[in-house]
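Notes follow the structure.
The values are calculated or read from the model by the stated rules, or taken from the named source; none is laboratory data. What you are looking at is a predicted structure, and each value in this text was computed from that prediction instead of being measured. All Cβ positions, glycine included, derive from the backbone under ideal geometry; neighbour counts span all protein chains shown. With ligands, DNA and RNA removed, areas are computed over all heavy atoms of the protein, side chains included. Shrake-Rupley method; radii C 1.70, N 1.55, O 1.52, S 1.80 Å.
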Amino acid sequence: MWCRATIGLAPRVLKRGSMKVLVTGGAGFIGSHIVERLVREGHQVVAYDNLASGKRENLAHVGEIKGAGELELVVADVRDAPQLDYYASGCDVIFHEAAVVSVPYSVEHPQETHDVNIQGTLNVLHSAKRRSVKRVVFACSAAVYGEDPEMPKRETMRAAPMSPYGIEKITGEYYMSVWTQLYGVETVSLRYFNVFGERQDPASPYSGVISIFVDRVLKGSGVTIFGDGLQYRDFVYVGNVVDANIRAATTPGIGGRAYNVGCGQKTTLLDLLSTIERIAGSKVERTMAPPRAGDIRESIADIGRISDELGYRPTVGVEEGLRRLIEYVKGSR
Ligand code: UD2
């Protein structure tokens, strides 16, 4: 896969293990998976993370990978432009994963999420231009689509965000494509649908629903369902998202493009909970609560564009991803 994917980049980054890469949010849930993959492939990686939600433990195992590349963890914030600029120097690619990722948190703290999610993204782009970084891959979100009832979501649809978070992500995406047009920085935005997998932290009420449900089912404590539970999402296992990122970083001729990253499969919250209960072999009590402010009701991706242009396939389906996650959580208790 790696060899196929690298053909588009300039000669000095063609060789396996020769890239210098910055991953913002590199100690976070998705960022740490990208870091792991890059280090396995022998690259020189800087994980740049303020550890607000990321954790050193998320990268602890990476140092033990045999015959791997190098990893440096830098504890710093994307709002710290000079620091970011220093670490962007000499990089071939930046994966920009650092963000405050919660929709309800953005509803409650819009100024803070604006600073991190918009100003932080602008800082990344500014450094990418200044330091001649070849490509920036941006973690965008399905939250940009909002409540338009048309399904599945296609990249050509008009953005209609319903939360500060959605506004921040579409703004970041606009900045990305404009940086390609104006300054020739090759940018690619990936509109993540609902990503789940190992190392997603269930501890906060703002955590992704799968991490919370798996945690509660394995502990035997109850879950809260906001709304009627019939809202659906396109849950996508993190390994597929890493694959999309590598393809986005290395496929030629896609500067300024945006792609959905999902499975193209819809799962209601009630079905999700039943599947987790079935795999885990235990049931939990459910409390129904009103829908959360800013929540979209339905979300499913059309993955035609990313399949056609990047050769992406969600090879790990939702049920297989849930099995892996449940095994992992059981094993780490
Ligand atoms: C997720 C991502 C967000 C964005 C978006 C794209 C996280 C934390 N958020 O937002 O960054 O990319 O997807 O669509 O990954 N729910 C419950 N009970 C709980 C927790 C959640 O019923 O204990 C509901 C929640 O009200 C919502 C659904 O589950 O209807 C999904 O919530 P989420 O926070 O996992 O994800 P979402 O779609 O808000």
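The residue list Glu36, Glu70 contains one member that is charged (D, E, K, R) and modelled with pLDDT under 95, which is Glu70.
Within region 142-153, the set of residues being open to solvent by less than 70 Å² (accessible area, probe 1.4 Å), free of Cβ contacts under 8 Å to residues at least 60 places away in the same chain and more than 20 Å from the chain's Cα centre (by Cα) comprises Asp148 only.
Taken residue by residue, region 154-176 has at least one member that is more than 15 Å from the ligand (Cβ to nearest atom), open to solvent by less than 30 Å² (accessible area, probe 1.4 Å), in a helix (DSSP H, G or I) and modelled with pLDDT of 95 or more.
Tell me, yes or no, whether region 215-235 has at least one residue that is under 14 Å from Val195 (Cα atoms) and among the basic types (Lys, Arg). Scanning region 215-235 turns up at least one residue that is under 14 Å from Val195 (Cα atoms) and among the basic types (Lys, Arg). Any idea which residue in region 98-113 is farthest from the chain's Cα centre (by Cα), counting only those that are part of a loop (DSSP other than H, G, I, E, B) and more than 11 Å from the ligand (Cβ to nearest atom)? Ranking the qualifying residues of region 98-113, first place goes to His109. Each residue in region 51-68 was checked for being without any contact (Cβ under 8 Å) to a residue 60 or more places away in the chain and either in a helix (DSSP H, G or I) or open to solvent by less than 20 Å² (accessible area, probe 1.4 Å) (or both), and 8 pass. Residues that are open to solvent by 30 Å² or more (accessible area, probe 1.4 Å) and without any contact (Cβ under 8 Å) to a residue 40 or more places away in the chain: does region 127-141 have at least one? Yes, that holds for at least one residue.
Considering region 203-230, the residues that are touching a Lys or Arg at 6+ places or on another chain (Cβ under 7 Å) and open to solvent by 20 Å² or more (accessible area, probe 1.4 Å) include one that is farthest from Lys55 (Cα to Cα), namely Phe226. Among the residues of region 97-126, which ones are more than 20 Å from Ala293 (Cβ to Cβ), open to solvent by 10 Å² or more (accessible area, probe 1.4 Å) and of a type in the set (S, T, N, Q)? If the condition is that a residue be more than 20 Å from Ala293 (Cβ to Cβ), open to solvent by 10 Å² or more (accessible area, probe 1.4 Å) and of a type in the set (S, T, N, Q), then Gln119, Asn123 are the ones that fit.
Restricting the first member to region 253-282 and to residues that are farther than 18 Å from Gly197 by Cα and open to solvent by 50 Å² or more (accessible area, probe 1.4 Å), and the second to residues that are away from the ligand (no atom under 14 Å from the Cβ) and not β-branched (Val, Ile, Thr), no beta-carbon pair is closer than 6 Å while six or more apart or on different chains. Scanning region 187-238 for residues that are of a type in the set (D, E, K, R) and in contact with a strand residue (DSSP E or B) (Cβ under 6 Å, 6 or more places away or on another chain) yields Arg191, Arg216, Arg233, Asp234.
It is to be established whether one or more residues within region 70-80 are open to solvent by less than 40 Å² (accessible area, probe 1.4 Å), assigned to a strand (DSSP E or B), in contact with a Lys or Arg (Cβ under 8 Å, 6 or more places away or on another chain) and of a type in the set (Val, Ile, Thr). Checking region 70-80: not a single residue is open to solvent by less than 40 Å² (accessible area, probe 1.4 Å), assigned to a strand (DSSP E or B), in contact with a Lys or Arg (Cβ under 8 Å, 6 or more places away or on another chain) and of a type in the set (Val, Ile, Thr).
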